[in-house]
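Right, one structure below, let's go through it.
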Amino acid sequence: VDLMNRSPDLHFSQSQAVTYRVAEEESPELFEMIKRNVKDGRWEVTAATWVEGDLNMGGTEALVRQILYAKRYVKEKFGVEPEICWEPDTFGHIWTYPQILRKSGIKYYYFMRCSKGYPLFWWEGPDGSRVLAFTSVYNNFVSPENVVEISQKIFDKYGLKTSMFVYGVGDHGGGPTIEDVDATHEIQKKPALPKITFSSAQSFFKEVLPQLNGLSIPVIKDELNTIFDGCYTTHSDIKRYNRLCERLLVDAEKFCAISGAYPKEELHKAWLNALFNQFHDILDGSGAQEAYTYSRELAQETIETAQNALRNSMKKIAEDISFSKIGIPVVVFNSLSWDRVDIAKVKVPKGLVPKNPVAVSAEGEKVPVQIEGDEALFVAKVPSMGYKTYHLTEGEAQTGNLAKENNLENEYLRVELDPVSGTIKSMYDKLNERFVFKKQ
C-alpha cells in the first residue's frame, strides 16, 4: 500500500490465476485491495493461465483448459480478460501454442527462457496464427545501465522507440521495492537517459504495435525450446500421474456428456487439481520434495473422481442397451474420435466361460476369444465416440486373418515368429513388397 501511495501510476502484475484464488481464500482483505487497484488501472492482471505450466508435457486439452479456467476466473473476479500470456519461467514453448493463444483471445506473449536471440518477434504457429512475442532477462533492480541496454537493443534491431523492462524482487521480477521506485525516479531526472515511465505490459504491446508498420520484424515459425537436464526424466511418477489425469478426465467428460450424467462440480475441481500439477517446477521435477507429496495426493484424488464419473456414465449408457439372452453380454467403449480396432479384455465369472468361446457382434460377426485365467480377450471393432456390444458364447469364429503354425498374416503384413523365444523372426510388407526386417 505504501508503494501505491508513493507512485500513483505504478502497475503491478501477477501471472497465475491460482494465486489470486489463494489470496481470495486466505486473505480477503488483500484480495479486495487487489480488486480495487485492478478497477483503478493500477494493477495489471496477466493471469491468462491457471498456473505457469509446462507446455511440452501438458496435453493440448489441458493447455486449453489452463487458459479457459484462468480467463473465466479473472473475468468473474476482476471484470477483465487478459490479452497477454505471461510465461517467464516456462522451460520450453511448443510450436502449436500460437494457435491456441489466438483462438483464446490472446494476442501477446511474454517469456524469458528459450529465446532464439530476438527480443521482439512474431511467433507463428503451423496454421499461420501469430502472437507478438517479447523476451528479456529479468533483473532484481532498475539501473541506468539496464534501461539503456534494453532500449538501445530494441532500437538498433528494429528502430522501435519503445521497449519494456521487467523488474522487481526475486529472479523472476515481482513486486517493486522502494529502491526500485526511487531508482526509477532518479532516472527520470536525467534528460540524457531514455524516458522511463511506470506502465504495464499491455500498454507496451499496444504502443509498439502501430510502430511495426514498415519495419522488418522477425517471424519465428518454430518451437522455442531448450532442454534442462533431467526435467523430462526426473519424478516419473508425477509425469505418469499427469498423463493418467489428462486421459481419464477427457474420457470421463465425453461419456458423461453422452450419458447425461455430468457431475459438473466434481469434474471442475478435478481439472483444477490436474492443472495445478502441471506447474513447471512440479511436472518438470525441479521443485522441493514437499511439493510432490501434495501433488501426488491431488493426482490420486483426481484419478478417483474421473474413474467414478467414467464408470457411472458407462453404467448409465449400458442400462439402456437391449441385450440378447444368449451368452454373456460385453459392452466395449471407444473414447477416440476415430474407429478403433483393438484387443478388448474382460473378466468372466468362473464357471460361465463357454466351450470354444467366440464373441458375437450385433451384426453377427464371430470373433475368436482367448481365455487367460479369469479374463477373456478378443479383437473388437468399435466406432468413434461410441460403443459396440458383443456376446460371449460357444461357436466357431470367422476371421480374415490367417494363423498357421508360427506365422501370422493379413492383407498388410506377413510375420514369422520364433517358436522358442516367441520373438519376431521376420516381417514382410506386402503392400511395398519388401522385408521390413529379417533375421539372418
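The values are calculated or read from the model by the stated rules, or taken from the named source; none is laboratory data. Everything numeric in this text was worked out from a predicted model, so none of it was measured. Glycine also receives a Cβ, built like all others from the backbone with ideal geometry; neighbour counts cover every protein chain displayed. Ligands, DNA and RNA are excluded from the accessible area calculation, which covers all protein heavy atoms including side chains. Shrake-Rupley method; radii C 1.70, N 1.55, O 1.52, S 1.80 Å.
Within the stretch 26-33, is even one residue under 28 Å from V250 (Cα atoms) and either within 20 Å of the chain's Cα centre (by Cα) or open to solvent by 10 Å² or more (accessible area, probe 1.4 Å) (or both)? No: zero hits. Hey, does the stretch 47-69 have a residue that's in contact with a strand residue (DSSP E or B) (Cβ under 6 Å, 6 or more places away or on another chain), among the basic types (K, R) and either open to solvent by less than 10 Å² (accessible area, probe 1.4 Å) or at pLDDT 90 or above (or both)? No, the stretch 47-69 contains no residue that is in contact with a strand residue (DSSP E or B) (Cβ under 6 Å, 6 or more places away or on another chain), among the basic types (K, R) and either open to solvent by less than 10 Å² (accessible area, probe 1.4 Å) or at pLDDT 90 or above (or both).
Out of the residues in the stretch 214-236 meeting the condition of being part of a strand (DSSP E or B) and of a type in the set (V, I, T), tell me which one is surrounded by the most Cβ atoms within 10 Å (Cβ to Cβ). Filtering first and then ranking leaves I220.
Residues satisfying the criterion are absent from the stretch 394-403 (criterion: closer than 29 Å to W271 by Cα, surrounded by 17 or more Cβ atoms within 10 Å (Cβ to Cβ) and not acidic (D, E)). If only residues of the stretch 1-21 that are over 20 Å from the mean Cα position of the chain (by Cα) and at pLDDT 90 or above are counted, the one that is least open to solvent (accessible area, probe 1.4 Å) is Y20. Restricting R247, R240, R296 to residues that are at pLDDT 95 or above, within 21 Å of the chain's Cα centre (by Cα) and loosely packed, with under 12 Cβ neighbours inside 10 Å narrows the list to R240. Residues considered: L377, L352. Of these, the only one that is in contact (Cβ under 8 Å) with a residue 24 or more places away in the chain and over 26 Å from D251 (Cβ atoms) is L352. Restricting attention to the stretch 250-298, the residues that are outside any helix (DSSP H, G or I), hydrophobic (A, V, I, L, M, F, W, C) and under 26 Å from S335 (Cβ atoms) add up to 1.
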